[in-house]
Each structure stands twice: as structure tokens, then as C-alpha cells.
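A.B. asks: The structure is given below, and queries will be raised subsequently.
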Amino acid sequence: MDKIKKIGVLTSGGDCGGLNAAIRSIFFRAKTKYKIDVYGIRNGTLGLIKRPVEVEELSYKNFEGFLIKQGGTFLGTNSKGNPFKFFFKGKVVDVSNRIISAYKSLKLDGLIVIGGDGSMKIIKEIADKGKLNIVGIPKTIDNDVGITEYSIGFHTAVDAATKALDSLQATAASHGRAMILEVMGRDAGHIALNAGIAGGADVILIPELEYTINGIIKKLHKIKKNKIGHSLIIVAEATRKENGKKVVNKYNKQERLGGIGQYISKEIMKKTDIECRVTSLGHIQRGSTPVAIDRILASAFGVSAVDLIAKRKFNRLVAWQDRKVIDVPIEEGIRDYRKVSNEDTLLKTALSLGIYLGKDI
């Protein structure tokens, strides 16, 4: 059996805190343990689609001390579409064969993909088609990959949202206002729920639970009755209006989530004399300095991913369970989507703290 000599690594989908720590870990494990050369693919799968292929051999110089604490990914990433239905040279075409031929022209023995469930599913399909050797590392601020308790980037996003609530509390108290913080969360409310508890929110709204404006107002009035003149509301961007409709903005014919905070604010001020202000945290959650736990998790995932390739255990996804790294087949790892369930311990914690989460809970 030929020795593994050369591997690639790419980051795919949205960026987040901890990606650079993962790439660093992959490089150090590959070099120091196995003498494997590591090549960084630029801008996710786009780097493999372009000609010439956008790739660089990584060296110790890439990983000077500052990089581990830097947000985002120094390799670049993209979330611009499905390679099987890619807008290329003015028309929609299948460019998956370009990715396969790039992998083979680079003579890679394996490719480590750091991505969420969506990008992982697409790259797995390409790998099956071209018989490519891949290993996956889960990253997503939404923490919605079912197999793993935590994904890279989640804790940094929660920390950013918690710090925002801490700052908003001071200004809310100064002016006697209700401050509304809108955070990311494509379909799952993990960021809002975790940060809401940590930041002392009075109302937490997530896409998994229905709510009423009157229910929110009732909670705000109860706060005032207790002689507290201000309040904090945190809402995930995918939370729908009271009538069930999504709140989206259109950019170049594409719909993007955003604006639920403004909707909640307007509805409250229509029906009460409570003054509201809205802050949308946006990409601060992605670009923030990664917190310690994300750096540690990323490092552990990187080491395990390289070990899998060295053992020729391909088409595996690493995951965090029971305080250790495990690995499972990629298709099994991304099969389940993890939303906030009604049995979630933190949901019960929030309710026990008197936080308003919605109706019928």
C-alpha cells in the first residue's frame, strides 16, 4: 500500500471562528507525525473549478502565532452555489468534473473538507462520482449538524451575541427601553437560546417555537410591574412573523433572511408605549475572534481528520460526542438536522428562569 504523501484542505460554506485553528492543526499533525505535504485550496470548491487551480503548498510560515486567534479563514471560502448546477460562462452547467480533474491533477491522496451539512453533502456526491478520498470536519455557527454535539464556530457566535446583549443591557437601562437583538440562525435557534440565557434576555424567539406579540407584551408589562424599566429581547433571524411568514430581503434576485427584529419592534410599539431599538448582529458572529473552546475543538478535529486519512479511513466525518472525537460515515453524520427540541435542557432552563419563549410551551 502506497504511503500517503500529499493531502488538500478546503473550507466551504459560510466562514466562522475556529477555521484557521483547524487548518493549522491539520498542517502540524500531517507534517510532524506523518511527513505529509498539505495543500490549501483557495475559496472552497471554486479553487478547484478555476483554471489554473487556486492552490498553495502550506508551510510553517503560514501559521505564525497570530493566525490561531484570527476569525474567518485565510484560505477563503464560498457559498455561491451547487457545482452540479453552476453558473459558468453565462449558463448553468455541471462543473463537478472540473473539481474531480483538479483533485487528480494535483495528485492528492486525500482531501479534508471543513464545512456544514449542505456543502458536505455536495462534496460527498462529487467524491462518490470521482472516487475521491475525503474526510469531513463539521463547522457551522448554527450548530445544526445532527451527529455532533458541537460544530466549529458555534461557541464564538454565542459569545459574540452574549457580549452584544451585555452592551445592550447598559443602554437599555439608561433609557428605559426594550432592546431587540437579531442574531443568525438559518433554521435553528441554538445561538439565540444559548446567548439569551447567558446574556439575561427576558424574551427569546426561535424558529422552532411559535409566539404571539401579545405574549411578548404581557412579559414586558410583567417586567415593568416588577419595577424594572428596561428589557432585552433576542430573536433568531429565521423566526417567522406571527402570521407564519418569513422576513426576507432581496439582493440580486436572491432572498436573504433579515428584518424580524424590526417587525417585532414595530408590533410592540404599535400596541404599547414601550420604546424599542433594534440591533442586527449579522456577520460579527462569523468574524469575531474565536473563543478558546472553538480553537480547542478545531484542533482536536484537525488531528483526528489527518489520522483518518493516514489510516486510509475515507468518507468519514469527525464529530464531538461524550467529551471525545469520534468518526462516522459522512452520510450518517449529516443525515439528521438538529433543531432545538422540546426536550432540550436549555429550553427547560430558559422556561424555569421565566424567559418568554412562545405559546403552548
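The values are calculated or read from the model by the stated rules, or taken from the named source; none is laboratory data. Remember, it's a predicted structure, so these values are computed and weren't measured experimentally. Counting neighbours? That spans all protein chains shown, and the Cβs are built from the backbone with ideal geometry, glycine included. Just so you know, the surface numbers come from the protein's heavy atoms only, side chains and all, with ligands and any DNA or RNA stripped out. Shrake-Rupley method; radii C 1.70, N 1.55, O 1.52, S 1.80 Å.
A.B. asks: List the residue pairs whose Cβ atoms are under 8 Å apart, where the first residue sits in the range 324-336 and is over 18 Å from Lys313 (Cα atoms), the second is surrounded by 14 or more Cβ atoms within 10 Å (Cβ to Cβ), and the two are 6 or more positions apart or on different chains.
C.D. replies: Sorted first by the residue in the range 324-336, then by its partner, the pairs are Arg335/Gly146; Arg335/Ile147; Asp336/Gly146; Asp336/Ile147.
A.B. asks: Quick one: which of Val203, Val158 is over 22 Å from the mean Cα position of the chain (by Cα) and at pLDDT 95 or above?
C.D. replies: The match here is Val203.
A.B. asks: Looking at Lys348, Lys313, which is the one that is more than 16 Å from Ile152 (Cβ to Cβ) and part of a loop (DSSP other than H, G, I, E, B)?
C.D. replies: Lys313
A.B. asks: Just the residues that are small (Gly, Ala, Ser) and either touching a residue at least 60 places away in the same chain (Cβ under 8 Å) or touching a Gly at 6+ places or on another chain (Cβ under 9 Å) (or both), please, taken from the range 85-124.
C.D. replies: Ser96, Ser101, Ala102, Gly110, Gly115, Gly116, Gly118, Ser119
A.B. asks: Going by the structure shown, is Phe87 of a type outside the set (A, V, I, L, M), open to solvent by 80 Å² or more (accessible area, probe 1.4 Å) and assigned to a strand (DSSP E or B)?
C.D. replies: Here the answer is yes, as Phe87 does meet what is asked.
A.B. asks: Same structure, new question: State which residue is nearest to Lys227 (Cα to Cα) when the search covers only the range 147-193 and only residues that are touching a helix residue (DSSP H, G or I) at 6+ places or on another chain (Cβ under 8 Å), open to solvent by 40 Å² or more (accessible area, probe 1.4 Å) and not charged (D, E, K, R).
C.D. replies: Residue satisfying both the conditions and the ranking: His155.
A.B. asks: Within the range 95-108, which residues are open to solvent by less than 40 Å² (accessible area, probe 1.4 Å) and of a type outside the set (S, T, N, Q)?
C.D. replies: Hits for the range 95-108 are Val95, Ile99, Ile100, Ala102, Tyr103, Leu106, Leu108.
A.B. asks: Which residue out of Ile4, Ile49, Ile23, Ile41 is within 21 Å of Asp128 (Cβ to Cβ), within 22 Å of the chain's Cα centre (by Cα) and in contact (Cβ under 8 Å) with a residue 12 or more places away in the chain?
C.D. replies: Matching residue, one of Ile4, Ile49, Ile23, Ile41: Ile41.
A.B. asks: Kindly provide the set of residues from the range 282-299 that are within 27 Å of Ile36 (Cβ to Cβ) and either assigned to a loop (DSSP other than H, G, I, E, B) or open to solvent by less than 50 Å² (accessible area, probe 1.4 Å) (or both), ordered by number.
C.D. replies: The answer is Pro290, Asp294, Leu297, Ala298, Ser299.
A.B. asks: Given the criteria outside any helix (DSSP H, G or I) and open to solvent by 50 Å² or more (accessible area, probe 1.4 Å), does Val92 qualify?
C.D. replies: Taking the combined requirement at face value, the residue satisfies it.
A.B. asks: Only one residue in Gly261, Gly302 is buried (at least 22 other Cβ atoms within 10 Å of the Cβ) and closer than 30 Å to Asp128 by Cα. Which one?
C.D. replies: That would be Gly302, the only listed residue that is buried (at least 22 other Cβ atoms within 10 Å of the Cβ) and closer than 30 Å to Asp128 by Cα.
A.B. asks: Mind listing just one residue for me: the one in the range 24-77 that is among the β-branched types (Val, Ile, Thr) and open to solvent by 20 Å² or more (accessible area, probe 1.4 Å) and, of those, nearest to Ile123 (Cα to Cα)?
C.D. replies: In this case the residue turns out to be Thr77.
A.B. asks: Another one. What number of residues within the range 194-206 are free of Cβ contacts under 8 Å to residues at least 40 places away in the same chain and either open to solvent by 40 Å² or more (accessible area, probe 1.4 Å) or at positive phi (or both)?
C.D. replies: Looking only at that region, the number is 1.
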